[in-house]
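Engineer: Structure below; questions to follow.
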Ligand SMILES: NC(=O)c1ccc[n+]([C@@H]2O[C@H](COP(=O)([O-])OP(=O)(O)OC[C@H]3O[C@@H](n4cnc5c(N)ncnc54)[C@H](OP(=O)(O)O)[C@@H]3O)[C@@H](O)[C@H]2O)c1
């Protein structure tokens with residue numbers, strides 16, 4: 001991309017897991033500079049080091065903060081490379097859903113809370129981070145894109161919990177991700193006239209730092225073979241990064257907006273598992 005201006009992507013929740021891999025995938029693609037945002041800035045800095053500071057910058061951003069703080073952090077992100085062309089709203093928490101209980105050894109002691117046990121603070125924390133955060137970061141970035149008369153792509157990281165694949169304890173998480181799907185469609189409807197496209201990816205089960213050790217276990221592969229039509233859980237790169245890169249690209253997806261893509265190896269397809277002669 002010598003001589004050509006690189007596009008800029010802002011990735012929230014880029015300090016670990018999916019967000020970190022998205023940031024690295026964009027940098028490796030060669031035509032992007034990356035602004036990495038999250039709360040743990042020392043982790044962001046080490047990813048910037050890995051990518052190289054010429055093409056990567058870090059910005060402290062707590063997506064659950066109030067609008068004034070979010071707007072100020074987005075302003076810093078915007079000014080890192082003089083604009084943002086692509087926003088990946090990836091920052092998210094699982095709250096008390098059983099996926100975090102069963103997949104993360106760190107979280108083993110965290111209780112799975114039913115709708116009758118979950119407290120208001122847990123609910124608010126999950127919604128403030130996953131849903132309100134996605135809206136406010138999008139708002140701050142999209143307002144600047146509109147003012148700069150720049151086309152843009154916003155990609156929201158949803159979950160298969162938003163529309164299938166429910167787990168006990170997931171009331172706040174699943175509802176917050178379902179809200180992200182409708183937020184995606186509503187923003188796509190209203191931002192199209194500014195050439196800002198908004199899409200979401202409802203991800204199945206993927207390797208991230210917190211799922212790594214579990215997904216290495218043999219019995220997990222046996223389980224995947226029984227419940228996932230493609231017989232395995234996902235690898236962030238390339239299973240997710242290929243779609244993220246496609247949706248970011250004006251060349252490859254300029255007429256795609258308001259879509260929710262399920263990337264789950266087909267695991268949300270089966271209904272009740274009964275033999276059928278139909
Ligand atoms: N892994 C999967 O199988 C899977 C499946 C479906 C959907 N997802 C979604 O993918 C996204 C990433 O998940 P992951 O599995 O990669 O988990 P992860 O490794 O725990 O990463 C979560 C990221 O979100 C950031 N974050 C959390 N709260 C934040 C806040 N208030 N402000 C800013 N950043 C915040 C964290 O950074 P800091 O702590 O440094 O702020 C971290 O970088 C989430 O939205 C999750 O719901 C994941």
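The values are calculated or read from the model by the stated rules, or taken from the named source; none is laboratory data. All figures in this text were calculated on a predicted structure; none of them were measured in a lab. Reconstructed Cβ throughout: ideal geometry from the backbone, glycine too, with neighbour counts over all protein chains shown.
Engineer: Checking residue 252 against (1) at pLDDT 95 or above; (2) outside any helix (DSSP H, G or I), which test does it fail?
Structural biologist: It fails just one condition, (2).
Engineer: Same structure again: Using the structure shown, decide if residue 198 is at pLDDT 95 or above, in contact with a strand residue (DSSP E or B) (Cβ under 9 Å, 6 or more places away or on another chain) and part of a helix (DSSP H, G or I).
Structural biologist: No; evaluated as a whole, the condition is false for this residue.
Engineer: Still on this structure, please answer the following. Residues of the stretch 139-164 being assigned to a helix (DSSP H, G or I) and under 16 Å from residue 259 (Cα atoms), which ones?
Structural biologist: Selection gives 160, 162.
Engineer: Quick check on the stretch 174-190: of everything there that is farther than 20 Å from residue 94 by Cβ and in contact with a strand residue (DSSP E or B) (Cβ under 6 Å, 6 or more places away or on another chain), which residue is farthest from the ligand (Cβ to nearest atom)?
Structural biologist: 188
Engineer: Continuing with this model, one more query. Considering (1) within 12 Å of the ligand (Cβ to nearest atom); (2) assigned to a helix (DSSP H, G or I); (3) over 26 Å from residue 135 (Cα atoms), say which one residue 265 fails and leave the rest.
Structural biologist: Among (1) within 12 Å of the ligand (Cβ to nearest atom); (2) assigned to a helix (DSSP H, G or I); (3) over 26 Å from residue 135 (Cα atoms), the lone unmet condition for residue 265 is (2).
Engineer: Going by what's in this entry, would residue 56 be described as in contact with a strand residue (DSSP E or B) (Cβ under 7 Å, 6 or more places away or on another chain), surrounded by 17 or more Cβ atoms within 10 Å (Cβ to Cβ) and without any contact (Cβ under 8 Å) to a residue 40 or more places away in the chain?
Structural biologist: yes
Engineer: Take the stretch 201-231 and flag every residue that is more than 12 Å from the ligand (Cβ to nearest atom), assigned to a loop (DSSP other than H, G, I, E, B) and modelled with pLDDT under 90.
Structural biologist: 216, 217
Engineer: Of the conditions (1) free of Cβ contacts under 8 Å to residues at least 60 places away in the same chain; (2) farther than 23 Å from residue 93 by Cα; (3) crowded, with 19+ Cβ neighbours inside 10 Å, residue 246 satisfies every one except a single condition; which number is it?
Structural biologist: With respect to (1) free of Cβ contacts under 8 Å to residues at least 60 places away in the same chain; (2) farther than 23 Å from residue 93 by Cα; (3) crowded, with 19+ Cβ neighbours inside 10 Å, residue 246 is out only on (3).
Engineer: Tell me the helices (runs of 4 or more DSSP H) entirely within the stretch 1-120 that contain at least 1 residues that are at pLDDT 95 or above, within 11 Å of the ligand (Cβ to nearest atom) and in contact with a helix residue (DSSP H, G or I) (Cβ under 9 Å, 6 or more places away or on another chain).
Structural biologist: 17-29, 41-51, 67-80
Engineer: Next question. Return the residues of the stretch 148-180 that are out of contact with any helix residue (DSSP H, G or I) (no Cβ under 9 Å at 6 or more places or on another chain) and surrounded by 24 or more Cβ atoms within 10 Å (Cβ to Cβ); say none if nothing qualifies.
Structural biologist: none
Engineer: All but one of (1) over 27 Å from residue 29 (Cβ atoms); (2) in contact with a helix residue (DSSP H, G or I) (Cβ under 7 Å, 6 or more places away or on another chain); (3) in contact (Cβ under 8 Å) with a residue 12 or more places away in the chain hold for residue 189; which doesn't?
Structural biologist: Condition not satisfied by residue 189: (2).
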